[in-house]
Amino acid sequence: MNIFRRLFKIGEAHANKAVDNLEDPITMTEQGIRDMKEDLNKSVEAMAQAKALAIRSKNDLNAYQEKAKDYEQKAVLILKKAQKGDISTDEADRLAKEALLKKEETQAKINQTQEETEKYEKNVEKLKSSIDTIKGNITKWENELKTLKARVKVSDATKNVNKQMAELDSAGTVSMLERMKEKVAQEEALAEAYGEMADQGKSIDQELDEAASSTDAQIDDELERLKKQLNS
């Protein structure tokens with residue numbers, strides 16, 4: 001787990017430094033997972049080889065055990081033949097000793113092969129444990145990667161919104177709106193001032209004519225006249 005260990009092993013200062021300097025955590029995490037999968041393939045291949053060695057060693061062990069048993073059985077048969085008189089005692093002893101020597105030699109091979117078989121089987125167990133650990137880490141970090149991708153999307157969106165908000169006033173938008181509001185208020189005040197000035201600009205004759213205007217009174221008089229005509 002070469003790159004992955006460098007990036008994510010907690011407690012190692014150089015790993016923390018590497019993570020701090022990451023510009024693209026998604027890409028690096030994906031690379032770490034790919035590295036773990038490569039390690040998994042290598043571990044599976046190594047375990048297959050270790051299993052093959054263990055199987056071959058166990059087969060050799062069985063063969064040596066059978067051969068040792070066969071040498072012992074041959075020694076017994078030779079001694080039995082000597083007892084029956086089928087072979088001389090000296091010759092039987094000689095051959096039986098040779099058979100027992102072969103048995104001892106085979107027993108030494110049995111002991112050696114037994115140790116090798118146990119060693120290979122232990123290697124298989126260790127590799128199996130490593131494979132299980134790598135598989136667990138792959139599953140864990142694939143799930144973490146999904147979460148990380150979602151978090152990156154959210155953080156990017158939040159960052160962009162906050163950046164826009166932070167740059168809003170610096171771009172002059174808020175200041176411009178405030179100035180426009182002030183400008184409108186000023187224009188409204190100016191219009192009102194012009195209106196007051198227009199009222200103040202009337203001549204004395206205009207004011208007198210307006211005050212003396214009898215239009216409404218004439219209409220009232222005309223109405224009364226018509227009513228009197230109808231009643232007469």
### Query
Which of the lysines could a cross-linker bridge to Lys159, judged by Cα under 17 Å and excluding same-chain residues fewer than eight apart?
Lys149
### Query
Which entries in the list Lys51/Lys140; Lys37/Lys58; Lys80/Lys109; Lys51/Lys119; Lys58/Lys135; Lys42/Lys146 go over 20 Å, if you measure between the two C-alpha atoms of each?
Lys51/Lys140; Lys37/Lys58; Lys80/Lys109; Lys58/Lys135; Lys42/Lys146
### Query
Along the Cα-to-C-beta direction of Arg151, a point sits 7 Å from the Cα; which residues of the range 22-48 have their amide N less than 15 Å from that point?
22-30
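Quote to one decimal, in nm, the extra length available between Asp132 and Gln229 on full extension: 0.36 nm per residue of separation minus the C-alpha distance between them.
On the way: separation 97, 0.36 × 97 = 34.92 nm, distance 12.11 nm.
Stretched fully, the Asp132-Gln229 segment lengthens by 22.8 nm.
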### Query
Using a cut-off of 19 Å between alpha-carbon atoms, which lysines can reach Lys153, once sequence neighbours fewer than 8 places away in the same chain are excluded?
Lys163
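With r defined as the distance between the Cβ atoms of Leu100 and Glu45 and R0 fixed at 35 Å, what FRET efficiency is calculated, to the nearest 0.05? It would help to have the intermediate numbers written out before the result.
Values: r = 44 Å, r/R0 = 1.25.
Calculated transfer efficiency: 0.20.
Coordinate-derived values only; no laboratory data. Everything numeric in this text was worked out from a predicted model, so none of it was measured. Note that we place each Cβ from the backbone using ideal geometry, even for glycine, and neighbour counts take in every protein chain shown.
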